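K.L.:
Here it is: the structure, laid out below.
The values are calculated or read from the model by the stated rules, or taken from the named source; none is laboratory data. The structure presented is a predicted model; accordingly, all values stated were derived computationally and were not measured. Here the Cβ is made from the backbone with ideal geometry for all residues, glycine too, and neighbour counts use every protein chain on show. Calculation scope for accessible area: heavy atoms of the full protein, side chains included, ligands and nucleic acids excluded. Shrake-Rupley method; radii C 1.70, N 1.55, O 1.52, S 1.80 Å.
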Amino acid sequence: MDLIVAAKAGETRGTAQLGGTAYPCALGRSGILDPKREGDGGTPAGRFPLRRLLYRADRVAHIETRLPASRITERDGWCDDPADPAYNQPVVLPYKGRHERLWLESPLYDLVVIIGHNDSPVVPGAGSAVFLHVAQDDWGPTEGCVAFRRTDLLELLGRLAPGDAVVIRRLA
């Protein structure tokens, strides 16, 4: 089943549909972009398979999901340096190249769904670390991810399965 995310051009808030249910979501500060480039603040347009769930076991007591899942540790990071051989891939911290930490003080990465954006093959500069994750309380824009209320993301995780995808569309 596809999770359909849509928003008007330039909008940082959108709606995701799964089956007959709609969920509000936050998008990148530049809205939905095609093509996506590293650092542009855009959420990429396209259809991307759901790869796996990463989660903070110290903050999430129970998750019902059929997606492959693993715990985030304090040593987990994601390379966002287009010149690095590990670009748009998980890395173990400390890491010499530019990266982002997955273990955050904020709740944004308590639940992280890795999507298949720019991963097969990885194209340097075409965008990295595009995830589904928990939204900020004020619904502020992301750096390019799609973010949901924690309760909504938990509900989605219970409905999504291997083989499902997220489809991100810019509306006219």
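K.L.:
When the accessible area of the chain is computed with all protein chains present and a 1.4 Å probe, what percentage of it is carbon and sulfur? Display every interim value, and only then the final one.
P.N.:
Details: 4150 of 8130 Å².
Carbon and sulfur together cover 51 percent of it.
K.L.:
Let me ask another. Taking springs between alpha-carbon atoms closer than 10 angstrom, which of S106, S128, S70 fluctuates most in the Gaussian network model of the chain?
P.N.:
With Cα springs under 10 Å in the chain, the top fluctuation among S106, S128, S70 is at S106.
K.L.:
Separate question: How much area per residue is accessible in the chain when the probe is 1.4 Å and only protein heavy atoms are counted (Å²)? Could you put the intermediate results ahead of the total?
P.N.:
Details: 8130 Å² over 172 residues.
Result: 47 Å² per residue.
K.L.:
Kindly state, to the nearest 0.05, the FRET efficiency for A57 paired with L171, given R0 = 30 Å and r defined as their beta-carbon distance.
P.N.:
About 0.20, to the nearest 0.05.
K.L.:
What are the trypsin sites (Lys or Arg not before Pro) within region 23-115 that DSSP puts in a loop, where the Cβ has at most 10 other Cβ atoms within 10 Å? If you can, show how the numbers build up before the last one.
P.N.:
On the way: sites: R29, K36, R37, R47, R51, R52, R56, R59, R66, R71, R75, K96, R98, R101; in loops: R29, K36, R37, R56, R59, R66, R75, K96, R98.
Answer in residue order: K96.
K.L.:
Only helical DSSP H runs with n ≥ 4 go in: add -39500 (n - 2.57) per run for the chain, normalise by residue count and round the 222 nm mean residue ellipticity to 500 deg cm²/dmol. Before the final figure, lay out the partial values.
P.N.:
Details: 1 runs with 10 residues, N = 172.
Taking each H run of at least 4 residues, the total per residue is -1500 deg cm²/dmol.
K.L.:
Given springs between every Cα pair under 10 Å in a Gaussian network model of the chain, which of Y109, Y95, Y87 has the largest fluctuation?
P.N.:
Of Y109, Y95, Y87, the most mobile in the Gaussian network model is Y95.
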